[in-house]
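Following: one structure in structure tokens, then a few remarks.
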Amino acid sequence: MGERNKLAVIGDPIGHSLSPLLHNTMAQELNLPYDYTARQVTVEQLADWVQTVRQEGWSGFNATMPHKLHLLDLVDEKTEEVVYFGAINTVRNDKGHLIGHNTDGDGFANMLAEHGLTFRNARVAVLGAGGAAGAIIRKAVRDGAAAVTVCNRTVEKARSLCREHPDVLHAAALDTPLPGDTDLLINTIPVGGNVGDDALANLRRDCAVIDILYAPPKTPLLLAAEERGMLAVNGLGMLIHQAILAFAFFTGASFDQPEMARILYKTTCNLTKSGVVSS
Ligand code: ATR
């Protein structure tokens, strides 16, 4: 068997990452010689890791917290997505020249599309104003959302995000009733944030509810939405579509992405039920 190209996901903590399973399944399906592993890399170790990637000829890597911002200073080139989103989650090594990329926004939009949803002209409410919320909010603006209400426990953090596009973005406290004409409600607050049916009180039945968490597969918010007959979607699709875009970026392979997503849903559906996986 010939030499295999090395890929990885780095993070701290890295936990029970789903990324190796997703990428190795894609490599197998497409018959491409890539091996993808998970590596714990601390902030202090990040510069050494980047050096290792260059020296050992790794093909590329994905990065999760806490590295998405630190990598901005360590790559040789940034794609237009990195410039727009201000963070890096994917790095490709082109013969020692490292190109930083970001698949967060497009991965989220591809997941929406799979459910017949779009940001275009939508009235959106986002719970949380951290890193994940920032990517989703910027993608919503870029794709032409009509209005985005950003609700956060620390309102100043929401205000700070909203300053980027004051015509579309509006900050609010987390306990503020959401606009009744909301088309898409997106939760980015982790379990323990006690986001539940209160958030849904004002919303129409045809508002779709998305939680970027996927373990457990049905958060209290998604269960409450289902009980009200609303479309409820967890974050597995976002992770799967980000991985598909990253794999295409690493390898240059072109393939049927919706079909690959179906394969990856099948591969992961039993694992996420156990509730012990992370990105
Ligand atoms: P991520 O990158 O996943 O978005 P993050 O940047 O740490 O993670 O952001 C977490 C978000 O969840 C923040 O908006 C945080 O609110 P604050 O800005 O007020 O800290 C929110 N959050 C976390 N725990 C929460 C809780 N128990 N109740 C309400 N909001 C919570």
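Looking only at residues in the range 71-119 that are among the acidic types (D, E) and touching a Leu at 6+ places or on another chain (Cβ under 8 Å), the one that is nearest to K139 (Cα to Cα) is D106. So, in the range 152-183, how many residues would count as being more than 9 Å from the ligand (Cβ to nearest atom), within 18 Å of A199 (Cβ to Cβ) and among the hydrophobic types (A, V, I, L, M, F, W, C)? Number of matching residues: 4. In the range 51-76, the qualifying residues are those that are within 16 Å of the ligand (Cβ to nearest atom) and closer than 22 Å to N5 by Cα, and the one that is surrounded by the most Cβ atoms within 10 Å (Cβ to Cβ) is N62. Within the range 20-32, is even one residue in contact (Cβ under 8 Å) with a residue 12 or more places away in the chain and touching a His at 6+ places or on another chain (Cβ under 9 Å)? Looking for residues that are in contact (Cβ under 8 Å) with a residue 12 or more places away in the chain and touching a His at 6+ places or on another chain (Cβ under 9 Å), one finds none in the range 20-32, hence no. Before we move on, is G107 at pLDDT 95 or above, assigned to a helix (DSSP H, G or I) and of a type outside the set (F, W, Y)? Here the answer is yes, as G107 does meet what is asked. For the criterion of being among the acidic types (D, E) and away from the ligand (no atom under 16 Å from the Cβ), D143 passes. Filtering the range 4-21 to residues that are in contact with an Asp or Glu (Cβ under 8 Å, 6 or more places away or on another chain) and buried (at least 16 other Cβ atoms within 10 Å of the Cβ) leaves N5, K6, L7.
Is the range 79-91 home to any residue that is of a type in the set (A, V, I, L, M, F, W, C) and within 13 Å of the ligand (Cβ to nearest atom)?
Within the range 79-91, one or more residues are of a type in the set (A, V, I, L, M, F, W, C) and within 13 Å of the ligand (Cβ to nearest atom).
Say whether the condition of being crowded, with 22+ Cβ neighbours inside 10 Å and within 16 Å of the ligand (Cβ to nearest atom) is met by at least one residue in the range 41-50. Scanning the range 41-50 turns up no residue that is crowded, with 22+ Cβ neighbours inside 10 Å and within 16 Å of the ligand (Cβ to nearest atom).
To keep it simple, each residue is scored yes or no on (1) within 23 Å of L236 (Cβ to Cβ); (2) outside the structural domain of I14 (by TED's automatic domain parsing); (3) surrounded by fewer than 18 Cβ atoms within 10 Å (Cβ to Cβ).
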residue: N89; (1), (2), (3): yes, no, no
residue: A125; (1), (2), (3): yes, yes, no
residue: K139; (1), (2), (3): yes, yes, no
residue: R142; (1), (2), (3): no, yes, yes
residue: K157; (1), (2), (3): no, yes, yes
residue: L161; (1), (2), (3): no, yes, no
residue: P166; (1), (2), (3): no, yes, yes
residue: L174; (1), (2), (3): no, yes, no
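Here N270 passes the criteria (1) surrounded by 15 or more Cβ atoms within 10 Å (Cβ to Cβ); (2) modelled with pLDDT under 95; (3) not in a loop (DSSP other than H, G, I, E, B) except the one numbered (1). Among the residues making up the range 110-140, those that are more than 16 Å from the ligand (Cβ to nearest atom), small (G, A, S) and in a loop (DSSP other than H, G, I, E, B) are G116, A122.
The values are calculated or read from the model by the stated rules, or taken from the named source; none is laboratory data. Keep in mind the model is a prediction, meaning the values are calculated, not measured. Every residue, glycine among them, receives a Cβ derived from its backbone with ideal geometry; neighbour counts consider all protein chains shown.
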